[in-house]
Amino acid sequence: MSLKRFIEEFEKRKREIAKGGGEEKIEKQHQAGKLTAWERVEILVDPGTFVEIDEFVRHRNTYFGLDKMTLPRDGVVTGIGEVNGRKVAIFSQDFTVMGGSLGEMHAKKIVKLLDLALKLGIPVIGINDSGGARIQEGVDALAGYGEIFFRNTMASGVVPQITVIAGPCAGGAVYSPALTDFVIMVNQTAKMFITGPNVIKAVTGEDISQEELGGALVHNQKSGNAHFLADSDEEAMKLVRKLLSYLPSNNAEEPPIQNPDFRAETPEDVLEIVPDNPNKGYDVREIITRVVDHGEFLEVQPYFARNLVIGFARIAGRPVGIVANQPSVLAGVLDIDSSDKAARFIRFLDAFNIPIFTFVDTPGYLPGVAQEHNGIIRHGAKLLYAYSEATVPKITVILRKAYGGAYIAMGSKHLGADFVFAWPSAEIAVMGPEGAANIVFKKEIESSENPEETRKRLIEEYKEMFANPYIAASRGYVDAVIDPRETRRYLIRALEITQTKVEYRPKKKHGNIPL
Ligand code: HXC
């Protein structure tokens, strides 16, 4: 009987907290096309699984009138829920409470959650909707960010970290998302920048809107800071659930086997995709979807560096990561952005025990002054480093062109691929036949009576001699030349065979990838 009195008080407090920033602010949030922090969590988790932590946490700063303010949950919901029956740690910033700004206690809640996630070995999902450092809390807010960045770094490669940007994320606040593995941005509502339009105007005189500066499209297409674009908060949460289905909970687990496709055949029409004309492009995703389970492919960064495709799929139920040149965009060349895109993805796959499947059709690294001056040497090296360092199963299929340095970089035998298969259409050479013939037979062409005819003949000779998979196969650089219709069967077998793979690397503190 006596406990009832306490329960009334307890429930009253909970009701107050549940109001967040109040009716008016919630209404404003909805009108802006955004869900509240709590609504987002509810969509993300399996119903009834969320256990909140630190609901009663309060700020304790007193400057600038903060002592007179109650800030429910200090502006962030934290806790553990389940996604498809697997535990995840979640924080969700509440913009209705002082703009979701991050003060000392708000940060402490996130830090506590990250520490817990690391101990439990479970992924972290961070939903960002915040005006950044709570200005009234000064250095305590900055300290909070620093503590979070440190935990993000400690957790990197141990548990997957996924960020959703569902509102503003400005100033130093952007660096927590940047340290995580995947960033999903909600179109129109998400904004990310270090300094906003007003500061930029004052410093450089440039005039730009928030959307043009740091909207979801900009970060998905141009900067490469984001990996996925969602049309709404609901879609962003669905994407998180889908992405998690490919990932283990931590680096000591194997990724979850799901819904295996027992079909071994590759559809006959796979033969129709690669054009006869070597200078014509095609969409490599047409090949990927024909060889993976149920034709399902979750493309990562589909709008950035489109000359290279990365993403998740399953082979016989096992999650795999795909890295493929995209001949329909810039002929599938490797450049600065595509090297960065692939290298970071490969390192994620390797950290989380996900095999790497590479599909090669590239004329090489992109020539050009801009590429050279912006560091294609340093950026291209990342790809070599990432493939060499990876110890998960590495299985490569050469579809058509594999020229020059790009032949080496794209998961070649020389960088430790376990299996390299080549279609009969593969051309493995130092460079394209035209370029090669012009150099090798320069004198012969120039001194001939009909240089054009001689050039054509010598290009054809070179092609016959070198632009095929058989020389590489004769050296053992290609393990098998395969009928394209047998591709899926080979991939399934290669994955089965490599399940017991163990590969050691020299003991070291850490390597020094060219950044
Ligand atoms: C305290 C803040 C706040 C902040 C917003 N609010 N940001 N309070 N500290 N950083 C408050 C507002 O005063 C307002 O309170 C409420 O949150 C909602 O904000 P609005 O401005 O009404 O919302 P909106 O028009 O949607 O604009 C959102 C916004 C804007 C673009 C984010 O609020 C803004 O520019 N805020 C400041 C951003 C910023 O400069 N942050 C510091 C970055 S420096 P009321 O009571 O009126 O409802 C930083 C350093 C970190 O983060 C370094 C780490 C290394």
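The values are calculated or read from the model by the stated rules, or taken from the named source; none is laboratory data. Since the structure is predicted, the reported quantities are computational estimates derived from the model, not experimental observations. In this analysis, Cβ positions are derived from the backbone assuming ideal geometry, glycine residues included, and neighbour counts consider all displayed protein chains. Remember, those area values only see protein heavy atoms, side chains included, never the ligands or the DNA or RNA. Shrake-Rupley method; radii C 1.70, N 1.55, O 1.52, S 1.80 Å.
Would you pull out the residues with amide H under 5 Å of V420's amide H, same chain only if 5 or more places away, H placed 1.01 Å from N?
T396, D479, A480
Just how much of F6 is accessible, in Å², when a 1.4 Å probe is used and the result is rounded to the nearest 10?
Number for this one is 110 Å².
Quick one: which residues, 5 or more positions from V300 or on another chain, have an amide H under 5 Å from its amide H? H modelled 1.01 Å from N in the peptide plane, none for Pro or chain starts.
I310, G311, F312
In degrees between 0 and 90, to the nearest 10, how far off the longest principal axis of the chain does helix 138-155 point, with axes built from Cα atoms?
40
So the label point goes 7 Å from the Cα of D231 along Cα→C-beta, right? Which residues of the stretch 163-206 then have their backbone N under 15 Å from it?
So the set is 186-189.
Normalised by the number of residues in the stretch 413-474, what is the relative contact order in percent for Cα pairs under 8 Å and 6+ residues apart?
For the stretch 413-474, the relative contact order is 47 percent.
With Cβ to Cβ distances under 11 Å as the rule, what net charge do the other residues near V57 carry (K, R +1; D, E -1)?
+1
How many angstrom lie between the C-alpha centres of the stretch 343-404 and the stretch 50-82?
Rounded to whole Å, the Cα centres lie 44 Å apart.
Kindly express, to the nearest 10 degrees and within the range 0 to 90, the angle between helix 233-244's C-alpha long axis and the longest C-alpha principal axis of the chain.
The two axes meet at around 60 degrees.
Could you sort the peptides 315-323, 442-450, 413-421, 482-490 by per-residue average Cβ neighbour count (10 Å cutoff), highest mean leading?
Per-residue mean Cβ counts within 10 Å order the peptides as 315-323, 413-421, 482-490, 442-450.
Using the Karplus equation 6.51 cos²θ - 1.76 cosθ + 1.60 (θ = phi - 60°), what ³J(HN,Hα) coupling, rounded to whole Hz, does each residue of the stretch 489-496 give in order, writing x for Gly and Pro?
Once θ is set to phi - 60°, the couplings for the stretch 489-496 become 4, 5, 5, 5, 5, 4, 5, 4 Hz.
Given a Förster distance of 41 Å, report the FRET efficiency between I208 and E253 from their Cβ-Cβ distance, rounded to the nearest 0.05.
Step by step, r from the Cβ atoms, then E = 0.40.
Give the long-range amide H neighbours of V164: residues separated by 5 or more places, or on another chain, with amide H under 5 Å away, using H modelled in the peptide plane at 1.01 Å from N.
G126, I127, N128, I184
Could you work out how far helix 336-351 tilts from the main Cα principal axis of the chain, as a 0 to 90 degree angle to the nearest 10?
70
Convert each backbone phi in the stretch 8-20 into a coupling constant with the Karplus relation 6.51 cos²θ - 1.76 cosθ + 1.60 (shift: θ = phi - 60°), then list the ³J(HN,Hα) values in order as whole Hz, x for Gly and Pro.
Taking θ as phi minus 60°, the curve returns 4, 4, 4, 5, 4, 4, 5, 4, 4, 5, 4, 6, x Hz for the stretch 8-20.
For the residue pair E24 and I273, what label-to-label distance in nm results when each label sits 7 Å from Cα along the Cα-to-beta-carbon direction?
The two pseudo-label positions are separated by 5.7 nm.
Taking θ = phi - 60°, what integer Hz values does the Karplus form 6.51 cos²θ - 1.76 cosθ + 1.60 yield along the stretch 416-433, in sequence order, with x for Gly and Pro?
Working through the residues one at a time gives x, 4, 7, 9, 10, 10, 10, 6, x, 7, 5, 10, 10, 7, 5, 7, x, x Hz.
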